[in-house]
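Everything on this sheet refers to the single structure shown next.
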Amino acid sequence: AIAMFLSGGMKRRLNLACGLMHDPKILFLDEPTTGLDPLTRKQLWETVRKIATETKATIILTTHYIEEAEALCDQIAFVNCGQIVAVGSPAELKKRAEKKTVRIQGPTLEDVFLKLTGTKLKEEIGK
């Protein structure tokens, strides 16, 4: 009952703490930073990195924030319309799209996602 009085960031931390209580080998994080302010989001990223390093747990993260996946993940799978369209490290995925994307600094993972899934997502196609 006390949890309903916590801020969004504190609720996310509580959820993460509850998930870690039993020293899991695999930790599933579904959109862990949605709705968080930038400072709390950064703190949660640091916590996730620390958990991954110290516990050697596999962390499976779902997110719509491409920069979050790039910062936290060793391997990324892009999903579009329920299908995996690409899998690889951030560097591997960027390299795949570099040939088709012209940028001074190379493609971002957002560029890669759009290139590999097409520029129109399912919702846009149906309109």
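The values are calculated or read from the model by the stated rules, or taken from the named source; none is laboratory data. A quick note: this is a predicted structure, and the numbers were derived from the prediction, not measured. Heads up, the Cβs are rebuilt from the backbone with ideal geometry, glycines too, and the neighbour counts pull from every protein chain shown. Protein only, heavy atoms only, side chains kept; ligands, DNA and RNA dropped before computing areas. Shrake-Rupley method; radii C 1.70, N 1.55, O 1.52, S 1.80 Å.
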With every protein chain in place, what's the accessible area of THR40 (1.4 Å probe, Å², nearest 10)?
20
Helix-derived mean residue ellipticity, 222 nm - over the chain, DSSP H n ≥ 4, -39500 (n - 2.57), to 500:
-14000 deg cm²/dmol
Let me spell out the model: positive unit charges on the Cβ of Lys and Arg, negative unit charges on the Cβ of Asp and Glu, origin at the Cα centre of the chain. What dipole size does that give, in debye rounded to 20?
220
Which of rounded, prolate, oblate describes the range 1-59, given a ≥ b ≥ c as roots of the alpha-carbon gyration tensor eigenvalues and a/c under 1.5 marking rounded, otherwise prolate only if a/b is larger than b/c?
oblate
Mind listing the long-range amide H neighbours of ILE76? Cut-off is under 5 Å, sequence gap 5 or more, other chains count too, H placed in the peptide plane at 1.01 Å from N.
GLY88, SER89
Please go through the range 1-57 and write out the trypsin sites (Lys or Arg not before Pro) that DSSP classes as loop and that have at most 12 other C-beta atoms within 10 Å.
LYS25, LYS56
For helix 8-20, what angle does its Cα long axis make with the longest principal axis of the chain, in degrees from 0 to 90 and rounded to 10?
80
Computed from the coordinates I sent, log10 I(q)/I(0) by the Debye sum over Cα atoms at q = 0.10, 0.11, 0.15, 0.21 Å⁻¹ equals one of [x] -0.60, -0.70, -1.03, -1.15; [y] -0.40, -0.48, -0.82, -1.22; [z] -0.38, -0.45, -0.70, -1.10. Tell me the label.
[y]
What whole-number value in Å² describes the accessible area per residue of the chain for a 1.4 Å probe?
72
Listed residue (THR63, SER7, PRO90) projecting farthest to the positive dipole end of the chain, Cβ model
PRO90
Potential extension, GLU98-HIS22 segment - 0.36 nm per residue separation minus Cα distance
23.1 nm
Ranked by accessible surface with a 1.4 Å probe, highest first, in what order do ASP74, ASP37 come?
ASP74, ASP37
Keeping the other protein chains in place, figure out the carbon and sulfur percent of the accessible area of the range 13-96, with a 1.4 Å probe.
57
Given the options ALA17, CYS81, LEU116, identify the residue whose Cα lies farthest towards the positive end of the charge dipole of the chain (+1 on Cβ of Lys, Arg; -1 on Cβ of Asp, Glu).
LEU116
